[in-house]
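Visitor: Please read through the structure below; I'll follow up with questions.
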Amino acid sequence: MALVDAWYRKRAWLWLLWPLSLLFSFFAQRRRVRLERRRILRPEYPPVLIVGNITVGGTGKTPLVIALVKLLQNNGIRPAVISRGYGGTPPEQPYSVSSAARVDEVGDEAILIGRSITCPMLVDKKRARAVAALHLNDQCDVIISDDGLQHYAMERAIEIVVIDGDRLLGNGLGLPAGPLREPAQRLQEVDYVVVNGGSGERYPITESAGRAPMQTLMRLEPTSWVNLATGERLPVNKLPNAAGGKLHAIAGIGNPQRFFNTVRALGYDPLCHPFPDHYRFTAGDLRFAEGFTLVMTQKDAVKCEQFADSHCWYLAIEAQLDADFTTQIVSDVRQKIRVRKNVAAPKN
């Protein structure tokens, strides 16, 4: 976490790692070229829409995936979702995420998405294999990939990159000197750039070959507090005991400070406890807050619900998307589906 903090504070000593960043970028590019050459094009398969990022850590992909599923369903399109299932070990691959799936099987993000949507969802570290399974069963019109921008073995029709509006691209350097998995120029190749929160400014992207991605803003709006033990829901300004006693906040996500700032913006003064991304909580990790209100993200809640007491609450959120973006993405998805259906139709 200290290294991540240095990336976004743009510490000068990170330039000492720049030679390693050059080496990382060289091998990452070679890997991309190798995988793209091996990729088998399957134009009859459902088009794949990737929601990814070019930085390490969380940017807000999960709520965007959930919002896109609901948006497409509301427009008469059948989506399905695939994910790597980071942090889980499924009994088989691909593995269907059902209401009975466990965090140790499919990971926290897949559980959160699976509980929030009503469409097929598969986890598989080889996402191309999950795409093939969904096609075989004719379960969808379009496939949304939660992450996977760098999974170049998988064909893709639409690429969406999510950027943290507060942290942006940090110092702009590649791993390990900075947070970038790929150079910033990769943004010139994608179809959409979604800036999550921040000041509302768009990220400067230079046009390449006469084109530039459509940029849009996303806001994560708190909707309610949900009790982990009872399921009770309360308005965001009605958290019990918060005014008269200590309020503790934990976050094991890519950018814990985003959650802590959200809690403060709701009028609370929490004692903040950051944990590493995807941290697997135990009952002992929450013992320090006994007798006081404890709040967390919904992603953390799926890992704590088995042992959480009634003093534990998570903050439910919804992604708010720009109308121009929603209109354009629905139009693009429909166009990709038409192309796929024309290819798959039998020739006379």
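Visitor: Rounded to two decimals, what is Rg over Rh for the range 126-255 when you use alpha-carbon atoms and the Kirkwood radius? Please list the in-between numbers first.
Guide: Numbers: Rg = 19.8 Å, Rh = 18.5 Å.
Computed over Cα atoms, the ratio is 1.07.
Visitor: With all protein chains present, how much of the accessible area of the range 221-348 (probe radius 1.4 Å) comes from carbon and sulfur, to the nearest whole percent?
Guide: That fraction is 48 percent.
Visitor: Oh, and also: Over the range 27-172, what is the mean sequence separation of C-alpha contacts under 8 Å (at least six apart), divided by residue count, expressed as relative contact order in percent? Walk me through the intermediate numbers first.
Guide: On the way: 259 pairs, mean separation 59.1, N = 146.
With pairs under 8 Å counted, the relative contact order is 40 percent.
Visitor: May I ask for the distance between the Cα centers of the range 285-313 and the range 106-130, given as a whole number of Å?
Guide: One Cα centre to the other: 24 Å.
Visitor: For Arg39, what charge total do you get from the other residues with a beta carbon under 11 Å from its beta carbon, if Lys and Arg give +1 and Asp and Glu give -1?
Guide: Details: positive: Arg32, Arg34, Arg37, Arg38, Arg42, Arg156; negative: Glu36, Glu155.
Cβ neighbours under 11 Å give a net charge of +4.
Visitor: Just to be sure I understand the curve: with the Debye formula and one point per C-alpha of the range 37-80, what is log10 I(q)/I(0) at q = 0.21 Å⁻¹?
Guide: Scattering profile of the range 37-80, log10 relative to I(0): -0.86.
Visitor: Another question about this same structure. Please report the projected area of the chain's Cα convex hull averaged over all directions, in nm². List each step's numbers first, then the result.
Guide: Details: hull surface 77.2 nm².
With every direction weighted equally, the projected area is 19.3 nm².
Visitor: What does the C-alpha gyration tensor say about the overall shape of the range 160-213? Classify as rounded when a/c is under 1.5, otherwise prolate if a/b is larger than b/c, or oblate. Intermediate values should be presented prior to the final figure.
Guide: On the way: a/c = 2.05, a/b = 1.15, b/c = 1.79.
Oblate, since a/c reaches 1.5 and b/c is not below a/b.
Visitor: For the chain, what does the relative contact order come out to in percent, with C-alpha contacts under 8 Å and a separation of six or more? Please list the in-between numbers first.
Guide: Details: 671 pairs, mean separation 70.7, N = 348.
So the answer I get is 20 percent.
Visitor: Normalising by the residue count of the range 92-156, find the relative contact order in percent from Cα pairs under 8 Å and 6+ residues apart. All intermediate terms of the calculation are to be shown ahead of the outcome.
Guide: Working: 46 pairs, mean separation 21.4, N = 65.
About 33 percent, as a whole number.
Visitor: Which order do you get for Asp108, Asp332 if you rank them by accessible area with a 1.4 Å probe, largest at the top?
Guide: Details: Asp108 5, Asp332 45 Å².
Putting Asp108, Asp332 in descending order of accessible area: Asp332, Asp108.
Visitor: With +1 on each Lys and Arg Cβ and -1 on each Asp and Glu Cβ, how big is the dipole of the range 106-196 about its Cα centre, in debye rounded to the nearest 20? Mind dumping the intermediate values first?
Guide: Values: 9 positive and 14 negative charges, 55 e Å.
For this selection, approximately 260 debye.
Visitor: Where does each of Phe26, Phe325 land when they are ordered by accessible area, with a 1.4 Å probe and the largest first?
Guide: On the way: Phe26 110, Phe325 0 Å².
The ordering from most to least exposed comes out as Phe26, Phe325.
Visitor: Could you size up the charge dipole of the range 184-334 around its Cα centre, putting +1 on the beta carbon of Lys and Arg and -1 on that of Asp and Glu, and report it in debye to the nearest 20?
Guide: 220
Visitor: Would you be so kind as to identify which of Phe259, Ile160, Gln188 lies farthest towards the positive end of the dipole of the chain, taking Lys and Arg as +1 and Asp and Glu as -1 on Cβ and the Cα centre as origin?
Guide: Farthest towards the positive end: Gln188.
Visitor: Now a separate question. For His273, what accessible surface area do you get with a 1.4 Å probe? Give it in Å², rounded to 10.
Guide: 50
Visitor: Shifting gears a bit: Work out the FRET efficiency for Leu234 and Arg11 from their Cβ-Cβ distance, taking R0 = 51 Å, and round it to the nearest 0.05. Could you put the intermediate results ahead of the total?
Guide: Details: r = 41 Å, r/R0 = 0.80.
That gives a FRET efficiency of 0.80.
Visitor: Residues with beta-carbon under 13 Å from that of Leu217, excluding Leu217: net charge, scoring Lys, Arg +1 and Asp, Glu -1? Could you put the intermediate results ahead of the total?
Guide: Working: positive: Arg202, Arg219; negative: Asp164, Asp166, Glu201, Glu221, Asp322, Asp324.
That works out to -4.
Visitor: Under a Cβ-only charge scheme (Lys and Arg +1, Asp and Glu -1), can you give me the dipole magnitude of the chain about the Cα centre, in debye to the nearest 20?
Guide: 1120
Visitor: Among Leu112, Leu134, Ser98, whose Cα lies farthest out toward the positive end of the dipole of the range 96-146, if unit charges sit on the beta carbon of Lys, Arg (+1) and Asp, Glu (-1)?
Guide: Going by the charge dipole, the pick is Leu134.
Visitor: Roughly how many whole Å is it from the C-alpha centroid of the range 150-181 to that of the range 232-283?
Guide: 27
Visitor: Can you work out D for the range 245-348 in µm² s⁻¹ from Stokes-Einstein, where Rh is the Kirkwood radius over C-alpha pairs, the temperature is 20 °C and the viscosity is 1.002 mPa s?
Guide: Working: Rh = 16.6 Å.
This corresponds to a translational diffusion coefficient of 129 µm²/s.
Visitor: A further question follows. Counting Lys and Arg as +1 and Asp and Glu as -1, what is the net charge of the other residues whose Cβ lies under 13 Å from the Cβ of Ile111? Could you put the intermediate results ahead of the total?
Guide: On the way: positive: Arg102, Arg115, Arg280, Lys299, Lys303; negative: Asp104, Glu105, Asp108, Glu109, Asp146, Asp300, Glu305.
Counting the neighbours of Ile111, the net charge comes to -2.
The values are calculated or read from the model by the stated rules, or taken from the named source; none is laboratory data. Note that the structure is predicted; figures quoted are calculated from it, not measured. Positions of Cβ are backbone-derived with ideal geometry, glycine not excepted, and every protein chain shown enters the neighbour counts. The area values use the complete protein model at the heavy-atom level, side chains included, leaving out ligands, DNA and RNA. Shrake-Rupley method; radii C 1.70, N 1.55, O 1.52, S 1.80 Å.
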